[in-house]
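What follows is a single structure, written as C-alpha cells, with notes after it.
The values are calculated or read from the model by the stated rules, or taken from the named source; none is laboratory data. From a predicted model like this one, the values you see are computed outputs, not experimental measurements. Note that each Cβ is placed from the backbone with ideal geometry, even for glycine, and that neighbours are counted across all protein chains shown. Side chains included, ligands, DNA and RNA excluded: accessible areas come from the protein's heavy atoms. Shrake-Rupley method; radii C 1.70, N 1.55, O 1.52, S 1.80 Å.
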Amino acid sequence: MSVVPFAQRPQGDVICLFDVDGTLTPARRTASPEILEVLKAVRQKAVIGFVGGSDLPKITEQLAVHGQDIRDDFDFCFAENGLTAIRLGQDLESQSFIKFLGEDNYKRLVKFVLHYIADMDIPIKRGTFMEFRNGMVNISPIGRNASVKERDEFEQYDKIHKVRAAFVEILKKEFADLGLTYSIGGQISFDVFPQGWDKTYALRHVEKEGFKTIHFFGDKTYVGGNDYEIYEDSRTIGHPVQSPADTIRILKEIFQV
C-alpha cells in the first residue's frame with residue numbers, strides 16, 4: 001500500500017498520538033468501524049500513531065479488526081510505551097527491561113510480587129498475575145486471564161479498595177534501589193518499568209521528525225495514570241478523553257473530518 005509522504009499531507013507537520021485502551025477502543029476490546037474511519041480521514045491530512053502499554057500482538061488484536069496489518073494503518077506504532085517502535089512499517093531500535101534490570105534483580109522482583117499476590121485477599125483470582133514484556137512487567141492482582149465481566153467487576157472493586165495503588169506503594173518501598181516507575185492503567189493491572197520508560201519514551205522517535213505540533217489523546221491522564229507523563233509533557237498538546245466517542249468528537253473538531 002502506498003502511503004502519502006508526510007510533507008505532502010496538508011498538515012504533515014502535525015502528529016496525533018493515541019493511547020489505545022479507553023481512547024481508541026473500550027478497555028481490551030476492539031476498535032469500532034467509526035473510529036477506524038475517522039483515523040483514516042485524519043491520516044489523509046496529518047500524521048497518526050498509537051502509544052500503547054501492551055505488546056504489539058495485543059494491540060493488533062484490538063486495532064486490526066479486519067485482520068489487516070496495523071503497520072499499514074498507522075504512521076507510527078509504539079507498543080510497550082515505545083520500547084517497540086515502528087515508523088511506516090519499518091522497525092526502529094528497541095530496548096529491553098531485563099537487560100536494564102539484570103537477572104538477579106528481576107528474580108527478586110518476581111519472587112516478591114508472587115508472594116504478595118498469593119497472600120492478597122480479593123474476591124477472585126484467575127491466572128497470569130505477572131506478564132513479562134520487552135520493556136516492562138505487567139502485574140495484575142486478579143490475573144490477566146479474567147473474563148470481561150470479571151475485569152469490569154474488579155475495576156469497580158479497585159475503585160473502592162485501591163488494591164493496585166496499595167500494591168504499588170509497597171513495591172516503591174521494597175525496590176527503591178532499582179530506579180523503577182509504577183503506572184496504573186487499564187482495568188486490572190499496573191506496569192513496572194525503568195524511570196523515563198513511560199509513554200514519553202515514544203517522543204524521542206517523534207522528535208527527530210521535527211513536527212510543529214504533537215497532539216496526545218489519553219484517558220488515564222491523572223497523576224499515577226499511564227498517560228499522565230506524556231499528557232503533561234511540554235512537547236505535547238494533551239487531550240483528556242473518557243471514551244473513544246470523545247476521541248472522535250475532538251478529532252472532528254480539530255481536523256474537520
Cα centroid separation, the range 112-157 to the range 186-257 (Å): 25 Å
Rounded to 10°, Cα long-axis angle of helix 33-45 versus longest principal axis of the chain: 50 degrees
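Just order 113-124, 148-159, 183-194, 212-223 by mean Cβ neighbour count inside 10 Å, highest at the front, would you? Walk me through the numbers before you get to the answer.
Values: 113-124: 12.2, 148-159: 15.2, 183-194: 23.2, 212-223: 19.2.
Per-residue mean Cβ counts within 10 Å order the peptides as 183-194, 212-223, 148-159, 113-124.
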Cα centroid separation, the range 92-111 to the range 1-70 (Å): 29 Å
17 Å cut-off, amide nitrogen to a point 7 angstrom out along SER32 Cα→Cβ, residues in the range 56-82: 62-66
Charge dipole (debye, nearest 20) of the range 182-232; +1 at Cβ of Lys and Arg, -1 at Cβ of Asp and Glu: 140 debye
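Given the peptides 41-48, 4-11, arrange them by the average over their residues of other C-beta atoms within 10 Å, most packed first. Walk me through the numbers before you get to the answer.
Values: 41-48: 18.9, 4-11: 12.8.
With the highest mean Cβ count within 10 Å placed first, the list reads 41-48, 4-11.
Could I get the Rg over Rh figure for the chain? Both from C-alpha atoms, Rh via Kirkwood, rounded to two places.
Ratio of gyration radius to Kirkwood radius for the chain: 0.97.
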CD proxy at 222 nm, helix term only [per DSSP H run n ≥ 4: -39500 (n - 2.57); per residue of the chain; nearest 500]: -10500 deg cm²/dmol
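What is the extension gain from ILE170 to ARG249, computed as 0.36 nm multiplied by their sequence separation minus the C-alpha to C-alpha distance, in nm to one decimal?
Result: 24.5 nm gained on full extension.
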Per-bin percent of Cα-Cα distances, the range 22-161 [5 Å]: 2, 9, 15, 18, 17, 14, 13, 8, 4, 1, 0
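Tally up the carbon and sulfur contribution to the accessible surface of the chain as a whole percent, 1.4 Å probe, everything protein left in place.
Working: 5910 of 11760 Å².
The value for the chain is 50 percent carbon and sulfur by accessible area.
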In Hz, Karplus ³J(HN,Hα) per residue of the range 181-198 (6.51, -1.76, 1.60; θ = phi - 60°; x = Gly, Pro): 10, 10, 9, 8, x, x, 9, 10, 9, 9, 9, 10, 7, x, 4, x, 9, 7
